[in-house]
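Here the structure is laid out as structure tokens; the discussion comes afterwards.
The values are calculated or read from the model by the stated rules, or taken from the named source; none is laboratory data. Values in this document were obtained by computation on a predicted structure and should not be read as measured data. Reconstructed Cβ throughout: ideal geometry from the backbone, glycine too, with neighbour counts over all protein chains shown.
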Amino acid sequence: ETGVTQTPRHLVMGMTNKKSLKCEQHLGHNAMYWYKQSAKKPLELMFVYSLEERVENNSVPSRFSPECPNSSHLFLHLHTLQPEDSALYLCASSQDWGIGYGYTFGSGTRLTVV
Amino acid sequence: SQQGEEDPQALSIQEGENATMNCSYKTSINNLQWYRQNSGRGLVHLILIRSNEREKHSGRLRVTLDTSKKSSSLLITASRAADTASYFCAPFSESYQLTFGKGTKLSVIP
């Protein structure tokens, strides 16, 4: 256990469903991140939150909607996804954003869109 | 983007041998980090080397950084089967982003 917990571990959803991914950290970190990892592609940074404010949104389609209600929790709300959105979604946290500390990752949510 | 590019894409060695992975990047960095990922799991931070450092050690890991060539290498000595994983370098750029390449897939054969 790394200190960053992601749920669920696996998720299968239809293209018309709405679901949410959850990430929780109790490391006292101030920055949290969502990454997408698809087969044979580099990890893609999706969103960055620092002190509960979104600081980065790397051209992610609006069918992905992040939410950071407090510094310990991060959600990724999903709706009307496409099969190409199937991937491993990784949450990470770091002490602060922009300082270059190492990131602590969760184990990921394996998402399959059918 | 400033992602690192790891080389080789895949590496297969016998247990006990040393494994060397290389990373190249394109622009100025504040630091460069290496991560390990076991199959289907999250990434684990291994080591961070700052732009003013040339070499760093952690246990069986040795990382070098050559900012003039914009390259880094990760050496794992006396490899074990448990070292089987994908390894990623992640340059931390002045735009405050930590970006990852496709990784080197290391297989250590018992």
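The residue list B:Asn30, B:Asn52 contains one member that is within 10 Å of chain A (Cβ to nearest Cβ) and not basic (Lys, Arg), which is B:Asn30.
For region A:57-100, a residue qualifies if it is part of a loop (DSSP other than H, G, I, E, B) and touching a Phe, Trp or Tyr at 6+ places or on another chain (Cβ under 9 Å), and the qualifying residues are A:Asn58, A:Val60, A:Ser71, A:Leu81, A:Gln95, A:Trp97, A:Gly98, A:Ile99, A:Gly100. Which of the residues that make up region A:96-112 are more than 8 Å from every other protein chain (Cβ to nearest Cβ), surrounded by fewer than 20 Cβ atoms within 10 Å (Cβ to Cβ) and modelled with pLDDT of 95 or more? Matches in region A:96-112: A:Thr112 only.
Any chance region B:34-48 includes a residue that's within 11 Å of chain A (Cβ to nearest Cβ), under 30 Å from A:Thr109 (Cβ atoms), in contact with a Ser or Thr (Cβ under 6 Å, 6 or more places away or on another chain) and at pLDDT 95 or above? Yes: region B:34-48 contains one or more residues that are within 11 Å of chain A (Cβ to nearest Cβ), under 30 Å from A:Thr109 (Cβ atoms), in contact with a Ser or Thr (Cβ under 6 Å, 6 or more places away or on another chain) and at pLDDT 95 or above. Of the strands (runs of 3 or more DSSP E) lying entirely inside region B:8-57, those containing at least 3 residues that are more than 16 Å from B:Ile76 (Cα to Cα) are B:29-37. Here A:Cys68 meets the list (1) within 14 Å of chain B (Cβ to nearest Cβ); (2) closer than 15 Å to A:Val4 by Cβ almost entirely, failing just condition (1).
Answer with yes or no whether B:Glu94 is at pLDDT below 95 and either within 14 Å of another protein chain (Cβ to nearest Cβ) or within 22 Å of A:Asp96 (Cβ to Cβ) (or both). When the stated conditions are applied, B:Glu94 passes them.
Evaluated against (1) over 22 Å from A:Ala39 (Cα atoms); (2) surrounded by 19 or more Cβ atoms within 10 Å (Cβ to Cβ); (3) away from chain A (no Cβ under 14 Å), B:Val108 falls short on exactly one condition, (1).
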